[in-house]
Amino acid sequence: MTEVSSLTGRLLVAAPALTDPNFDRAVVLLLDHDEEGSLGVVLNRPTPVGVGDILASWAALTGEPDVVFQGGPVSLDSALGVAVIPGDEGPLGWRRVHGAIGLVDLETPPELLGPALGSLRIFAGYA
């Protein structure tokens with residue numbers, strides 16, 4: 001896809017008529033969108049689970065609320081990190097999605113990314 005036709009970095013807001021409970025009133029950030037498909041995370045589904053309960057090493061770097069968000073109905077046992085990193089250069093372990101927003105490789109030691117992070121949110125699953 002050309003850059004113009006890609007929806008990566010865009011927000012999808014569920015229409016009121018949408019009846020799928022997974023996306024009722026959902027706001028989805030598209031992290032990837034190309035001819036092979038799309039991947040996004042639901043931004044407005046906080047869970048009662050603290051980040052420290054499942055990813056203790058990343059807990060101190062998450063923004064408020066410091067809970068895991070349900071990113072969508074697919075692969076709920078996997079975690080995705082989305083972070084804002086100001087500036088033009090992104091550190092190792094972070095891939096720019098759009099503007100200052102990018103995906104964090106949660107296998108990267110947090111101390112390598114910590115100083116660069118503006119904010120971090122952890123998602124269980126994706127859409």
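Summary table
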item	result
Residue check for LEU61: surrounded by 15 or more Cβ atoms within 10 Å (Cβ to Cβ) and either closer than 24 Å to HIS33 by Cβ or without any contact (Cβ under 8 Å) to a residue 40 or more places away in the chain (or both)	no
Selection within segment 108-127 - charged (D, E, K, R) and free of Cβ contacts under 8 Å to residues at least 12 places away in the same chain	GLU111
Complete set of residues in segment 108-126 that are modelled with pLDDT under 95 and of a type in the set (A, V, I, L, M)	LEU112, LEU113, ALA116, LEU117
Complete set of residues in segment 75-107 that are more than 27 Å from LEU12 (Cβ to Cβ) and at pLDDT 95 or above	GLU107
Residue tally, condition among the aromatic types (Phe, Trp, Tyr) and either at pLDDT below 95 or in contact with a helix residue (DSSP H, G or I) (Cβ under 6 Å, 6 or more places away or on another chain) (or both), over segment 57-74	1
Selection within segment 57-74 - closer than 20 Å to LEU11 by Cα and part of a strand (DSSP E or B)	VAL68, PHE69, GLN70, VAL74
Extreme residue, nearest to ASP105 (Cα to Cα), among residues of segment 27-56 that are without any contact (Cβ under 8 Å) to a residue 60 or more places away in the chain and in contact with a helix residue (DSSP H, G or I) (Cβ under 8 Å, 6 or more places away or on another chain)	GLY52
Segment 8-46, residues that are under 20 Å from ASP66 (Cα atoms) and loosely packed, with under 14 Cβ neighbours inside 10 Å	ASN44, PRO46
Residue in segment 68-78 that is more than 26 Å from LEU7 (Cα to Cα), aliphatic (A, V, I, L, M) and in contact (Cβ under 8 Å) with a residue 12 or more places away in the chain present	no
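The values are calculated or read from the model by the stated rules, or taken from the named source; none is laboratory data. Just so it is clear, the structure is predicted and the values come from calculations on it, not from any experiment. All Cβ positions, glycine included, derive from the backbone under ideal geometry; neighbour counts span all protein chains shown.
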